[in-house]
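Working notes for the structure below.
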Amino acid sequence: MCGKMIRELYQKRYGRVLSAELTKQEAEKLLQSGLTKREEGFAFFSLVNQGQTEDDFTSLLALAGRLQRAIDRPIMVHLRTGDLSPQMLPEFFEQIAEAELVNFLIIGGDKRVHSGGFSTTEDLLKALKKGTPDRLSLGATIDPSQPAAPLKAKVRQAAGADFLISQVLFDEQPLLALQDKLRKANPTFSIPLIPGLLLKPTLGQLRWVNHVLKVAIPDDFYAQPALAGQRLRAQLNQANFVGEHFFTVPEK
């Protein structure tokens, strides 16, 4: 499975495709200890990018390649628009070919390592697709609660996104509404929408998400985090989303 494209996992699924985020520290631990029984259930992992320099990013790519080979699971690296400039693309393509990395989640608005980096998620998606036609599997993020989400989803598909992962959800309705709007208004929209969730939410995680990400937390999550998380997953499963992606967030 090493180097397998994530878009193919969603297309050829046998049941829901479960995936989970890893911080760099969690990835290094997993590299040393191997998969636990629970982690065996994840079809792939995504690697969070919190680097501050170009060297940080280079080492992250190397870590992703080593981990992918060690656990025989695809690793999707978070690629921020400011991590690359257009002039850096040839070297980047060489780096990821050597590490056998083909899966990336494109993220805009985060730390900008290069002032001349790409301006938008769509610009980076287009450049990657043009530089490596059909050789990369590219995801992008979407906030279904935003009024512009239907248009943004359509534009990101056109730019080259193979799937979209939602912002962390605590209510199924925004994602269900987005899916319904896309089906009705955009008959050509065909890429998977993947719910972003917390696997076993805790009060500390909820406080962090509310304080740092400015996401409103429903009262039922504060009252019974684990039970509310189970209810949300059940509602989304009934809607037949092809996967679930679990975020890693710290305790506040």
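The values are calculated or read from the model by the stated rules, or taken from the named source; none is laboratory data. As the structure is a computational prediction, the values presented were derived from the model and not from experiment. Cβ sites come from the backbone with ideal geometry, for glycine too, and all protein chains shown count toward neighbours. Heads up: the accessible areas ignore ligands, DNA and RNA and are worked out on the full protein's heavy atoms, side chains in. Shrake-Rupley method; radii C 1.70, N 1.55, O 1.52, S 1.80 Å.
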Are there trypsin sites (Lys or Arg not before Pro) in the range 71-173 that DSSP marks as loop and that have at most 16 other Cβ atoms within 10 Å, and which are they? LYS111, ARG112, ARG135
Counting only residues 5 or more apart in sequence or on a different chain, those whose built amide H sits under 5 Å from that of GLY243 are VAL17
Hey, can you grab everything whose amide H is under 5 Å from the amide H of ILE194? Only 5+ residues off in sequence or another chain; H modelled, so Pro and N-termini drop out. LEU164, ILE165, SER166
Using a 1.4 angstrom probe on the protein heavy atoms only, line up HIS78, HIS211 by accessible area, largest first. HIS211, HIS78
The pairs in LYS4/LYS200; LYS24/LYS181; LYS130/LYS252; LYS130/LYS152 lying past 30 Å Cα-Cα in this model are LYS24/LYS181; LYS130/LYS252
Students often forget the sequence filter, so: which aspartates and glutamates lie under 16 Å Cα-Cα from LYS214 once same-chain residues fewer than 8 apart are removed? ASP110, ASP143, ASP171, GLU251
Residue span ARG69 to SER33: 0.36 nm per residue of separation minus Cα-Cα distance leaves a gain in nm of 11.6 nm
Per residue value of the accessible surface for the chain (all protein chains in place, 1.4 Å probe), Å²: 48 Å²
Where the convex hull is taken over the Cα atoms of the chain, what is its projected area averaged over directions, in nm²? 13.1 nm²
About the Cα centre, and with charges only on the beta carbon of Lys, Arg (+1) and Asp, Glu (-1), how big is the dipole of the chain? Nearest 20 debye, please. 660 debye
Whole-percent tail of the Cα-Cα distance distribution for the range 35-78, cut at 17 Å, equals 34 percent
Run the numbers on the chain and let me know its relative contact order in percent, using alpha-carbon pairs under 8 Å that are six or more apart. 19 percent
Cα-based convex hull, the range 124-194, per residue volume (Å³, whole number): 79 Å³
Given R₀ = 35 Å, FRET efficiency for ARG207-GLU91 by Cβ-Cβ distance, to 0.05? 0.30
Heavy-atom SASA rank of SER19, SER145 (probe 1.4 Å, accessible area, largest first): SER145, SER19
Say the dipole of the chain comes from +1 at the beta carbon of Lys and Arg and -1 at that of Asp and Glu; which of ILE75, PRO192, GLY41 then lies farthest toward its positive end? PRO192
Order by accessible surface, 1.4 Å probe, largest leading, for residues THR132, THR248, THR36 comes to THR36, THR248, THR132
Please compute the modelled spin-label separation between THR132 and LYS200, points set 7 Å along Cα→Cβ, answer in nm with one decimal. 3.5 nm
Only helices at least 24 Å long along their axis, Cα-based, and averaging 0.0 or more on Kyte-Doolittle count here, so list those DSSP H runs from the chain. 54-71
How high is the FRET efficiency from LYS214 to GLN235, r the C-beta distance, R0 22 Å, rounded to 0.05? 0.40
Roughly speaking, to the nearest percent, how much of the range 6-154's 1.4 Å accessible area is carbon and sulfur? 49 percent
Amide H neighbours of PHE44 under 5 Å, counting only residues 5+ apart in sequence or on other chains, H built in-plane at 1.01 Å? ALA20
Gyration tensor on Cα atoms of the range 1-136, a ≥ b ≥ c root eigenvalues, a/c under 1.5 rounded, else prolate if a/b beats b/c, else oblate, says prolate
Roughly how many Å is it from the Cα centre of the range 201-252 to that of the range 37-106, as a whole number? 26 Å
